[in-house]
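Enquirer: One structure follows; several queries about it will come next.
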Amino acid sequence: WILGEERVDAWGFLRVGPTETSLRDAFFELVRPPTPNPGELGSVPAEKPIEPGRILTRIADVLKLGREDAGRRWPVRLQGVVTCADSEWHVGFLQDAGGAIYFDLGSDSESVRPGDYVEVSGVTSPGGFAPEVRNSAVVVIGRTNLPAASRVDLADVAGGYFDAHFVEMEGIVRRVEGQSRHVALSLMTSKGRFKVIIANYGE
């Protein structure tokens, strides 16, 4: 059984007629989008004040900080998988079992690659949308697999719950532009447009 407004993956043979477009001999399967936990992924106030001298070691704990607390530059030492490492813009994303977060690559920008399992030390910052890690120092511990990508669409990411997460989206490429060592793709979906930035394209 399927209800109205359900999301499906459909495939078949495209038929374009004078009044409608349809799929012939088609099949579909119901798709359940991943359900984020706003308590872990959103920027919500901490349940209790951080103890003086405490080092935050879980991404989820950093993400729970309110803007004022994150601005107090609490020390962090996080371990996780690098899902993005942009050596030119010094941008990195780190993910563990409890969430994902932005960190600045700083002087380590040339030595860190996606798939590296690392330890990131630094201090908290409010960030533009969610708490992040600044003044970072990165130690590469080893190599590992990237996490499974969460299959999402524009509605899923609009609220920011998947900020910095490793995700998978689909769209039709409408424009391609070069930007130094980056390539920008403008994509269209039935729900709107989004942009993809491919970093370190020359490599």
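The values are calculated or read from the model by the stated rules, or taken from the named source; none is laboratory data. Given the structure is predicted, the values throughout are model-derived calculations rather than measurements. Cβ: placed from backbone, ideal geometry, glycine included. Neighbour counts: every protein chain shown. Accessible surface is based on the protein model in full, side chains and every heavy atom, while ligands, DNA and RNA are left aside. Shrake-Rupley method; radii C 1.70, N 1.55, O 1.52, S 1.80 Å.
Enquirer: Among residues belonging to region 156-166 that are open to solvent by less than 60 Å² (accessible area, probe 1.4 Å) and part of a helix (DSSP H, G or I), point out the one that is farthest from residue 81 (Cα to Cα).
Expert: Filtering region 156-166 down to residues open to solvent by less than 60 Å² (accessible area, probe 1.4 Å) leaves 156-157, 159-160, 162, 164-166.
Narrowing the set further to residues that are part of a helix (DSSP H, G or I) leaves 156-157.
Numbers: 156: 22, 157: 21 Å.
Taking the candidates together, the pick is 156.
Enquirer: Can you name the number of the only condition in (1) open to solvent by 50 Å² or more (accessible area, probe 1.4 Å); (2) more than 16 Å from residue 165 (Cα to Cα); (3) assigned to a strand (DSSP E or B) that residue 122 fails?
Expert: (1)
Enquirer: Yes or no: region 110-119 includes at least one residue that is at pLDDT below 90 and open to solvent by 20 Å² or more (accessible area, probe 1.4 Å). If you could, list the steps in order and put the result at the bottom.
Expert: Restricting attention to region 110-119, the residues satisfying the condition of being at pLDDT below 90 are 110-111.
Checking which are open to solvent by 20 Å² or more (accessible area, probe 1.4 Å) leaves us with 110-111.
Yes - at least one qualifying residue is present in region 110-119.
Enquirer: Specify the residue that is nearest to residue 89 (Cα to Cα); the eligible residues are those in region 179-196 that are within 21 Å of the chain's Cα centre (by Cα) and open to solvent by 100 Å² or more (accessible area, probe 1.4 Å).
Expert: If we take residues in region 179-196 being within 21 Å of the chain's Cα centre (by Cα) and open to solvent by 100 Å² or more (accessible area, probe 1.4 Å), then 195 is nearest to residue 89 (Cα to Cα).
Okay, residues lined up against (1) in contact with a strand residue (DSSP E or B) (Cβ under 6 Å, 6 or more places away or on another chain); (2) more than 15 Å from residue 92 (Cα to Cα); (3) surrounded by 12 or more Cβ atoms within 10 Å (Cβ to Cβ):
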| residue | (1), (2), (3) |
| --- | --- |
| 127 | no, no, yes |
| 131 | yes, no, yes |
| 140 | yes, no, yes |
| 145 | no, yes, no |
| 149 | yes, yes, yes |
| 171 | yes, yes, yes |
| 174 | yes, yes, no |
| 177 | yes, yes, no |
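Enquirer: For region 29-47, does any single residue satisfy the condition of being open to solvent by 100 Å² or more (accessible area, probe 1.4 Å), of a type in the set (Val, Ile, Thr) and modelled with pLDDT under 85?
Expert: Among the residues of region 29-47, at least one is open to solvent by 100 Å² or more (accessible area, probe 1.4 Å), of a type in the set (Val, Ile, Thr) and modelled with pLDDT under 85, which makes the answer yes.
Enquirer: In this structure, does residue 157 turn out to be farther than 21 Å from residue 113 by Cβ and modelled with pLDDT of 90 or more?
Expert: Details: farther than 21 Å from residue 113 by Cβ: yes; modelled with pLDDT of 90 or more: no.
In short, no.
Enquirer: Out of region 53-109, which residues are of a type in the set (Ser, Thr, Tyr), touching a residue at least 60 places away in the same chain (Cβ under 8 Å) and in contact with a strand residue (DSSP E or B) (Cβ under 8 Å, 6 or more places away or on another chain)?
Expert: Selection gives 83, 102.
Enquirer: Find all pairs meeting these conditions: Cβ atoms under 6 angstrom apart; at least six residues apart or on different chains; first residue within region 124-150 and at positive phi; second residue surrounded by 18 or more Cβ atoms within 10 Å (Cβ to Cβ) and part of a strand (DSSP E or B).
Expert: 135/122
Enquirer: Within region 70-109, count every residue that is touching a Pro at 6+ places or on another chain (Cβ under 8 Å) and either open to solvent by less than 10 Å² (accessible area, probe 1.4 Å) or in a strand (DSSP E or B) (or both). Quick ask: steps written out before the conclusion?
Expert: Kept after step one, since they are touching a Pro at 6+ places or on another chain (Cβ under 8 Å), are these residues of region 70-109: 70-71, 81-85, 95, 101.
The next check asks that each one be either open to solvent by less than 10 Å² (accessible area, probe 1.4 Å) or in a strand (DSSP E or B) (or both); those that pass are 70, 81-85, 95, 101.
Matching residues across region 70-109 total 8.
Enquirer: Just to be sure, is residue 122 within 18 Å of residue 71 (Cβ to Cβ) and not hydroxyl-bearing (Ser, Thr, Tyr)?
Expert: Yes.
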